[in-house]
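A short write-up of the structure that comes next.
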Amino acid sequence: VQLQASGGGLVQAGGSLRLSCAASGRTFSSYVMGWFRQAPGKEREFVGGISPSGGYTDHADSVKGRFTISRDNANNTVYLEMNSLKPEDTAVYYCAANDRGYIGTWKAGYDYWGQGTLVTVSS
């Protein structure tokens, strides 16, 4: 599967953005999808994950209540709705996929990665 992330940009603190990740291939609905982020000088960290059907999601504690992952299997797209953004959310955001059947919260748990989209939150 090939992944293409988009939707990043510059936003003021307290604002919102929605990231999208378009996937190629006919088996999108069989993949667990995830969002990760990497800030300058830091490790890539898990943000959220969603099961193949969309019935189960998981979010990092740092974004719970502010970010929501969702997916549209008919359009091969996964989303990350980000609200109440903070300067510490500034990072390159990556979408990822795995066909292992479970939501991993570590980078090695995903086999396919998009190119990343930059989110900058100004104070």
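The loop-placed chymotrypsin sites (Phe, Trp or Tyr not before Pro) in the stretch 53-123, going by DSSP, that have at most 15 neighbouring Cβ atoms within 10 Å of their Cβ come out as Tyr56, Tyr102, Trp106. The orientation-averaged shadow of the Cα convex hull for the stretch 16-123, equal to a quarter of the hull surface, comes to 6.4 nm². Under the combined filter of DSSP loop state and at most 13 neighbouring Cβ atoms within 10 Å, the stretch 28-123 retains these GluC sites (Glu not before Pro): Glu43. Comparing Gly55, Gly14, Gly34 in a Gaussian network model of the chain where C-alpha atoms under 10 Å apart are linked, the largest mean-square fluctuation is found at Gly55.
Carbon and sulfur together cover what percent of the accessible area of the chain at a 1.4 Å probe radius? Of all accessible area on the chain, carbon and sulfur atoms account for 46 percent. Using only the C-alpha atoms, the convex hull of the stretch 62-123 corresponds to 111 Å³ per residue. Looking at the stretch 1-95, the trypsin sites (Lys or Arg not before Pro) that sit in a DSSP loop and have at most 10 other Cβ atoms within 10 Å of their own Cβ are Arg26, Lys42.
The values are calculated or read from the model by the stated rules, or taken from the named source; none is laboratory data. The shown structure was predicted, so the numbers you read here are calculated from the model rather than taken from an experiment. Virtual Cβ from ideal backbone geometry, glycine too; neighbours counted across all protein chains shown. For the accessible areas, the whole protein counts, side chains as well, though only heavy atoms, and no ligand, DNA or RNA atoms are used. Shrake-Rupley method; radii C 1.70, N 1.55, O 1.52, S 1.80 Å.
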